[in-house]
Amino acid sequence: MRTGVTRPHPLAVTGSIIRGTSGLFPLSPRRSGESVGRAPARLWHRAGMGLPASGPRRPVAARPEGADPGPDRTLPAILVGWCAVAWGIAAKDGRYGAWAMAAVLLGTAAAAFATVRHRPPSESSVSASAGVAAGRGRAWGNAWLLVAITVGLGPIVRHPRYYAAGPLAAAADALAIVAGLLAAAVLVALSARPARGRPVPAGLAAARRVLGSPALFWVVLGLAGAAGVATIRAAPAPRIDVFHLLQVSTSGLAHGADMYRQQWAPSRAAYPVDGLFDVYPYLPLTSVLLAPSRLLLGDVRYGLLLALAAAAICARRLATGPRGGDGTVRDGGAGDAGAGGAGRGGADGRVVAVAVLPLLVVILPESMYALQQSWTEPLLVACLAAMVLAVRGGHGRTAVVALALALATKQHIALLLPVAAAWPRFGPRRTAVAAGAAALLVVPWVLAGPGDFVDDAVWTNLHYRVLGHSLSVPGWASHFGVTLGFAPAVVALVAAYAAAWRARGDATGFCLGAALVLLAVDLMNKQTFFNHYTLPMGLLVLAAAALGSGRGGQVAGVPAQAAAGQGSAAGEPGAAGQRRVEKRSSDAPS
C-alpha cells in the first residue's frame, strides 16, 4: 500500500457516480444520526425503484431545452450541411449535375451526422452545460467561415435572372449582393479571434460593436426584402406554371371557384407555359394563404416574400431565447453588454454571430431566383418556424394551428407527423389534433369535387415520371440506365425516421429529424429541384437557432443584447366559368 496518498472513501465514489449520472441522488443520509454504511443500500434500493434518494433535496437547475451538451459537434455539422446543400442546388439552378449531386449528398450526410450526434437535454446541473460556450474549436470557426463565404459569394457568383429584365433586375442583384456581403462581414468580424493570449485589437472590437448591433438584422432583412420587391417587379409574369396556377386560383377564391376544377388560361394555345394547364397539385391552403397578397397587391409572390420575413423573425426569436414579461431574457443574463464585450468573453475570446443565423432562410444563394419562380416553400418554413417557436414558448394551441396550416398546404408535410409526435413537448395528442384540423380545412374542397381533388392532389404527384435533370438519386441513376423502384426510398425514409427518433427530445431534435426526413424524401424522389431542398434547409436553420438558445438568450457566447437587442430602445374565370375539365394534364410542375 502506498503511503501519503489519500484515497477517497468507496461510498463517496459511489455517491459521485450517482450524482454525475442523474443529478438526483445526494449521498447525505436521511437522518443525521444514520450510519454511513446504511446510506448506499437506501440509495440503490430507491434508485432501482426509479425514485429519488431520500434526504434533503438539493436545488438542481434543469438545462433549458435546446442546450445540447455537445454543440461543438452538432452545430458545425448543421452549418456544413446547410452550406453544402445551398451550393448543390445553386450550382445548376436546382438541376442535376455531378458536382451538384455530390454537394447535396454531402449536405445530407452532414445533416444525418448532426441528427445522430445530437443529445437531447436532460436534467443536469448548470455546471454540466457550462461548456456550451467554452469549448469551441477549429471546426466551430471553420463552419462559420464557410457560412460567411456562402452568403457573401453566393449572390455574386450565382444570380440567374431568367424572366427578370431591366434596371429593376440589376437593382435586385445589387441589393441581394449587399445583403449577403453585410451578413458575411458580420460573421467574419464576430467570429474572428486574436492570437492566443492576446487582447482583442481595438479595431476589431470597434467593428464588433458596430456589426454586432441588433439593428444589423433588420438592415439585412430590409435589403433582402427590397431585393425581393425589385425581383417581383422585374419579372411581372414569369413563364412557369406555378406562378400562373397560383395567380388564377387565388383570384378565383374571391368568386367561389374551385381550384381543382379550374384551368389556368382560356385555352392551351393561349397558355404561355409548357407545364400544368388544368391541374392544381397542392392542397388548398396554399392558395388560401396567398390570396390576400394576390387580391391586395396583385401578385402572390409578395405573400411568399412576407412568409420568408416571418420565418426569419421567428428564427431570430428562437435563437435569442424566450423573453419574460418585462422583456428580459429568461434562464440567463445578457452577459457582456454589446458585441465588443462578447468578443472579450468566453474561453477562446470568440463569438458566434447569432444575429445572422436566422437570416439564412432569406439570404441563401439564389433566393431571389426561388422567389421569382413563385415556389411555395416559404409558406411551409414560416408555419414550421411558428410551430417550433410556439412550442418553446409554451403556446401549445398556437403550435397546433401552425402545424395544421402546414399540413393543409402541401402533402409531404404529413411525413413529419411521426417526428412531431415523438417530440415530448408537442406529443401524439397535439399531433393528432393538428392532423384533424388540417383535414377539416381541406374537407370543403374534397366534398365539392372528390374526383377532381384526388386526380390533382394525389394521383398527379404519384404518377410523375423520373426526369434526368432531377437533382435526386433516381434522376442520377437514370443517366446510367438504372431504374430504382420504391424499395430504396422506403429504406432511406426508415433510416431517417430512426435517426429522428434518436434525436427526439427537444426543438433541435425535432428540426433536425424533420430536415433529415425531408432530405431523404428529396434524394429518393422522382422529381426534385431547387425549391424542394429549401424546406429542409430552413429546418436546419431552425435547428441551429434552437440549439444555441439553450443558454437562455446567449448563443455560444453571443450576449442576448447583441443578438436580439435586449435593453435597446416587426384572365381568370369566375364561378360562372367553372367547369369540369375532362382532359387532364399529366405534365409535371416546373
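The values are calculated or read from the model by the stated rules, or taken from the named source; none is laboratory data. Here the structure is a predicted model, which means the values were calculated and not measured. All Cβ positions, glycine included, derive from the backbone under ideal geometry; neighbour counts span all protein chains shown. The protein model used for the area step is the full one, side chains on, heavy atoms only, and it has no ligands, DNA or RNA in it. Shrake-Rupley method; radii C 1.70, N 1.55, O 1.52, S 1.80 Å.
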**Unmet criterion (only one of (1) modelled with pLDDT under 95; (2) closer than 30 Å to ALA237 by Cα) for GLY393** = (2)
**Message:** Tell me the residue from ALA448, ALA489, ALA437, ALA404 that is open to solvent by less than 30 Å² (accessible area, probe 1.4 Å) and over 17 Å from MET524 (Cβ atoms), please.
**Reply:** ALA404
**Prompt:** Which of the residues spanning the range 263-312 are at pLDDT 95 or above and farther than 22 Å from LEU253 by Cα?
**Reply:** LEU308, ALA309, ALA310, ALA311, ALA312
**Request:** Tell me, please, whether a residue that is under 23 Å from the mean Cα position of the chain (by Cα), part of a helix (DSSP H, G or I) and of a type outside the set (Val, Ile, Thr) can be found in the range 161-177.
**Result:** yes
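Give the range 453-481 a look and list any residue that's among the β-branched types (Val, Ile, Thr), surrounded by fewer than 18 Cβ atoms within 10 Å (Cβ to Cβ) and under 26 Å from ALA84 (Cα atoms), or say none. Spell out how you get there, then give the answer.
Start the filter on the range 453-481 by keeping residues that are among the β-branched types (Val, Ile, Thr), which leaves 454, 458, 460, 466, 473.
Filter once more, keeping what is surrounded by fewer than 18 Cβ atoms within 10 Å (Cβ to Cβ): 454, 458, 466.
Correct list: VAL466 only.
Please find, among ARG294, ARG233, ARG316, the residue that is in a helix (DSSP H, G or I), of a type in the set (Lys, Arg) and within 24 Å of the chain's Cα centre (by Cα). So that I can check it myself, show each step before the final result.
Working: ARG294 fails: within 24 Å of the chain's Cα centre (by Cα); ARG233 fails: within 24 Å of the chain's Cα centre (by Cα).
Testing whether each residue is in a helix (DSSP H, G or I), of a type in the set (Lys, Arg) and within 24 Å of the chain's Cα centre (by Cα) leaves just ARG316.
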**Request:** Kindly indicate whether any position in the range 498-509 is closer than 20 Å to LEU379 by Cβ, within 25 Å of the chain's Cα centre (by Cα) and in a helix (DSSP H, G or I).
**Result:** no
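So, in the range 250-291, how many residues would count as being under 28 Å from VAL401 (Cα atoms) and outside any helix (DSSP H, G or I)? Full working, then the answer.
Just the residues of the range 250-291 that are under 28 Å from VAL401 (Cα atoms), to begin with: 250-261, 279-291.
Still in the running and outside any helix (DSSP H, G or I): 254-258, 279-284.
Total satisfying the criteria: 11.
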